Each structure stands twice: as C-alpha cells, then as structure tokens.
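Following: one structure in structure tokens, then a few remarks.
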Amino acid sequence: RFCGVGRVVSGYSTSAGIENPINPSIKVHCTQLLINGNFVDSASGKTFPTYDPRTGDVIAHVAEGDAEDIDRAVYAARKAFDEGPWPKMTAYERSKVLFRFADLLDKHIEELATLETWDNGKPYEQSAKIELPMISRIIRYYAGWADKIHGLTIPADGPHLVQTIHEPIGVAGQIIPWNFPLLMFAWKVGPALPCGCTIVLKSAEQTPLSALYAAKLLHEAGLPPGVLNVVSGFGPTAGAALASHMDVDKLAFTGSSETGKIVLELASKSNLKPVTLELGGKSPFIVCKDADVDKAVELAHFALFFNQGQCCSAGSRTYVHEDVHDEFIEKAKARALKRSVGDPFKAGVEQGPQIDSEQFEKILRYIRSGIEGGATLITGGDRLGSKGFYIQPTVFTNVKEDMLIAQDEIFGPVQSILKFRDMDEVIQRANSTRYGLAAGVFTNDLDTANTLSRALKVGTVWINCYDVFDAAIPFGGYKMSGQGREKGVHCLSNYLQVKAIVAPLKNPAWI
C-alpha cells in the first residue's frame, strides 16, 4: 500500500512572521518505512518525531528503523537484484522508468517543496524554484545515461579477443544528510538505478519526509518492488547497520568528515565494500585586488549564507586583498544587515531557521568562540526572535587561521573575513586546512584565475560564480572532504564493476 498527500488549501499567506508561522498547505501521510515496495511499520513498532525548525513543534511521527529493518530492506534489495527484473531489463526500459519519475517530480513540485521547507527550514522559493528543477534534471541526466553504459574491445599483444563489460555492483547502501534531503536523494538514487543496482537508502533523522514521498513517486513511475528501499532512523542504529552489513556491496555517504570516518571503518571491518564519501568543507572565497567590490560582496555573501550556511561547500573563509579590504568589510556588513530572515514560507525571505536545536546551539558556541578568540564581530551574533532556530546573519573580521571559526566547519550563517597581501600568501593560507572541497575566486585577471584554480587543493573551483551545480559537473573533495565524485559521468563508476573477458582467436584475419 502507498501513502498519499492530501491538499488542504492552495497558495500561501505571506503575512505571518517568525512568531506566527504560516501553516503549510499539505498533510503528511508518508511516515512508514518503504521495504519491498510497501510502506510498513518498523519491526519494533517505534516511531520518532520530526520537527518544524520554525517552531520546534512536531510535524509527524515517523517509523524508526533499526538493524532488524535494515536486514529486511537489504534482503528485499538482494532478492530484487538476484532474482528481480530490474538488472535484467534493457537499459532503455530502465531509462523510461526514470524519465517517468522525473515527470512526476515536476508534477508534484508544490508538495515536495512544501515538505522540504517544512522539515528542513530552507526558503520555499529555493525549494520550489531552484532545487526541485535541479532534482528532476539530475534524474533525466542519468536516465539518458542508462543505454550508453558500455565497455571496450581492446587490442591485445597476441591472438586474443579482449572486451570489457560494465556490470552493476549489486546492492547499494546510501546514507543522505539533512541539509539538502531531496537533492542528495537524487544524487544517490539517480546514478545507481540506470546501472541496474538495487538500493537501501537511509534518510537523515532530521528530515525523513521528502525522501519517502519521492520514493512513492518512483514506484508510481514503474519501479519494481525491492529495487529502492527507504529506512528512516538514526545513525548509530540504522546507519551503522547499513554500513556494516555483509550483504551490501557498495556504500555511498554524504555528511560530516567525523561520521565519514566511522562509516569507512564499519565498511572495512565488514565485507570491505567500496565506499564513496562526500564530506565537509571549509572553503576559501578569494577576493582579489582587481575586484568589483560590490559584485564581490554579493557573491561572497551568497557563497556563505546560502541555505542558512548549511552547505558543505559554503565559502566560509572570505579572503580579501588588503587593497579592497576595508571597503569590502563595510559593504559586507551592510549586506548582512539587509538579509531577509524569517518564515521560509513567506515570499522574499532569504534565510529560514537552522535545522534543529543541536545545530542552533553549536553555531552560537562557535560565535562565542570567535568573540573570545579575538575576532571582531561587526554584525549579528545572536538568535533572532523568541521561537524556532533562527540566527542573525553574522560577520567577523580580524579572523586568524588558528581560530576555530577559521578551521572548523560551522555549518551556519557565520562569515569570517581574513585579509591577505599577495598570491603566494593566500594560496598557502587557503590550503592550510584539513578540508579540500571547493573554492571561489573573484578576479578579472585571467592569469590570476588560472594560477589560483590550479594551486588550490580542492575538488571544485568557481571563478566569478559560486555553487553552480549542473547535473554533468562532478563534485567531490580532496583531503578530508571525501573520496570519489558525485554527479556527472564519473559517478556512474561508483555503481559499476568492470569485467575483462579474454578468448583466443583461431587463425584471425587480423589482430
């Protein structure tokens, strides 16, 4: 049996503020685990609450999966892979299911965007106008790859026919984070399905609702039972069970670097399953001396504050050349003060609440550490309103590399501005971190752009732009920011095995 979303009213009021939040216009029905094509209760019967970050109130109670439920889901995925139709379908048939799924995503943008904003706190306009179109585009991108995955015929040094084929790796375990629940669902499910894999996906306990609803739509599109199983639950129970499961053939994880270490260890101690990791970052955004300061301020502001600062690639270390530093600071402060913070369902709001009380308190602790460490707080630094998890857009200057706010991933609306003098210095300082996910460079000088883009030890460099996430552009990190790549053609290899087949040639006409 499948869940449904019931319409209550259409449209949204824009008159409510932080203290009187807008009432979302849907009812939540998808709250069970999805195993073998059916929505079912957890084996234990336990549920857990998922909260509205605008108020701290409970949205719904969701089935709490644990090790027994992971076993049930893996069994279903294994049976679907070994005996079911999905890996045996033609690639074109698999692509048609994915194209139908993308159409359903487009049809249900309002419901999905509402669930995403309600459960996560991101602005509804961001969910509906930016992220949902990106999600259906990613699904279509990988649907198009399904019948283009093929091997090679290789000339050998002797009379042998040598070919390679690409086989699905099997059952894929996938663990997604809370900051972009639906987008990460698409980044994981999108490339695994056209390869012929089956999946057990664990959603983040903070944001379980949208993945369950998207999975329902995928089954409506014709996905066979057992191919995609969704288990909501907690990391130490459901997540650990999935990472260490002996019948899971591959694991993909997006989250913090600290948790990534645990996931990698569990995978290695079980069946040595391959693991891809998309982890944290402390990305530099470098404003060069030739910069148009107004444009640089706006882009640096976006690079840090987008999605409430809860973005692994956030440009959270803003390096500004000394020639434009003072002007930049004044304008960065003014831009932060203009930032619209409030109910994410209200039109024109740029920043909603942080995800939950734990993240809220963590960010405030980092702000206090910045003040105590000697950085200059020029705006923000406190909560906004008396309910929910809203934090004022915060800007620090006089930040030094050894401060926690310059070293740790805060994952919040806290901009740290650092002054630099020359190219060699900023390269050394930008690279002096355990992370290496992304970087931004703002300059009109081609030589400067080329030098920095090659010198920075990161997986993505955005030049005079930031957070451009096209479906075809690979994304991932150096150092402790991860292993492997998401998106693009590179991601398909995460879900494929390469097999070489060699046979002798008798009296060949040519070799």
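The values are calculated or read from the model by the stated rules, or taken from the named source; none is laboratory data. Here the structure is a predicted model, which means the values were calculated and not measured. Here the Cβ positions follow ideal geometry from the backbone for every residue, glycine too, while neighbour counts run over all protein chains shown. The protein model used for the area step is the full one, side chains on, heavy atoms only, and it has no ligands, DNA or RNA in it. Shrake-Rupley method; radii C 1.70, N 1.55, O 1.52, S 1.80 Å.
Just a few scattered comments:
- Å² of accessible area per residue within the chain, as computed with a 1.4 Å probe and no ligands counted: 39
- Whole-Hz ³J(HN,Hα) from phi, Karplus 6.51 cos²θ - 1.76 cosθ + 1.60, for the stretch 499-507, glycine and proline x: 10, 9, 10, 10, 9, x, 10, 9, 6
- Longest DSSP-loop-exposure-free segment, trypsin sites (Lys or Arg not before Pro), the chain, at most 10 other Cβ within 10 Å: 89-505
- Cα gyration tensor shape for the chain, rounded if a/c is under 1.5, else prolate or oblate: oblate
- Burial order of peptide ranges 348-354, 262-268 (average beta-carbon count within 10 Å, highest first): 348-354, 262-268
- Long-range HN-HN contacts of Ser244 with modeled amide H, under 5 Å: none
- Only helical runs count toward this figure. For the chain, summing -39,500 (n - 2.57) over DSSP H runs of n ≥ 4 and dividing by all residues gives -10000 deg cm²/dmol at 222 nm.
- C-alpha long axis of helix 257-269 to longest principal axis of the chain, angle in °: 20
- The phi-based Karplus calculation (6.51 cos²θ - 1.76 cosθ + 1.60; θ = phi - 60°) puts the 3J(HN,Hα) values of the stretch 196-211 at x, 7, 10, 9, 10, 10, 9, 7, 5, 5, 6, 9, x, 6, 6, 5 Hz, whole numbers, x for Gly and Pro.
- Overall, the accessible surface of the stretch 98-218 at a probe of 1.4 angstrom is composed of carbon and sulfur to the extent of 59 percent.
- Helix 357-372 vs. the chain, principal-axis angle (Cα, 0 to 90°, nearest 10): 40
- From the Kirkwood radius over Cα pairs of the stretch 283-470, Stokes-Einstein at 10 °C and 1.306 mPa s returns a whole-number translational diffusion coefficient of 97 µm²/s.
- For Gly173, the residues whose modelled amide H falls within less than 5 Å of its own, excluding neighbours fewer than 5 places apart on the same chain, are Val200, Asp249, Lys250, Leu251, Ala252.
- Label-to-label distance, Asn464 versus Asp106, with points set 7 angstrom from Cα along the beta-carbon direction: 3.2 nm.
- Prolate is the label for the stretch 397-457, because a/c, from the alpha-carbon gyration tensor with a ≥ b ≥ c as root eigenvalues, is 1.5 or above and a/b exceeds b/c.
- Computed in the context of the full set of protein chains, the accessible area of the stretch 283-470 at 1.4 Å probe radius has 47% of its extent on carbon or sulfur.
- Long pairs among Lys188/Lys261; Lys338/Lys362; Lys46/Lys487; Lys122/Lys282; Lys27/Lys487; Lys46/Lys88, criterion Cα-Cα beyond 26 Å: Lys46/Lys487; Lys27/Lys487; Lys46/Lys88
- Placing Ile59, Ile70, Ile473 in order of accessible area, with the largest value first and a 1.4 Å probe, yields Ile473, Ile59, Ile70.
- In this structure, the amide hydrogen of Leu496, modeled 1.01 Å from its nitrogen in the peptide plane, lies closer than 5 angstrom to those of Ile169, counting only residues at least 5 positions away or on a different chain.
- Shape class of the stretch 136-293 from the Cα gyration tensor (axes a ≥ b ≥ c, square roots of the eigenvalues): rounded, since a/c falls below 1.5.
- Between Ile473 and Asp402, the modelled labels are 3.6 nm apart [label points 7 Å from Cα along Cα→Cβ].
- In order along the stretch 445-459, the phi-based Karplus estimate (6.51 cos²θ - 1.76 cosθ + 1.60, θ = phi - 60°) of 3J(HN,Hα) comes to 9, 4, 5, 4, 4, 5, 4, 5, 5, 8, 7, 6, 8, 9, x Hz; Gly and Pro are listed as x.
- Relative to one another, the C-alpha centroids of the stretch 258-331 and the stretch 156-200 are positioned 27 Å apart.
- Axis of helix 91-107 versus longest Cα principal axis of the chain: the two differ by about 40°, to the nearest ten degrees.
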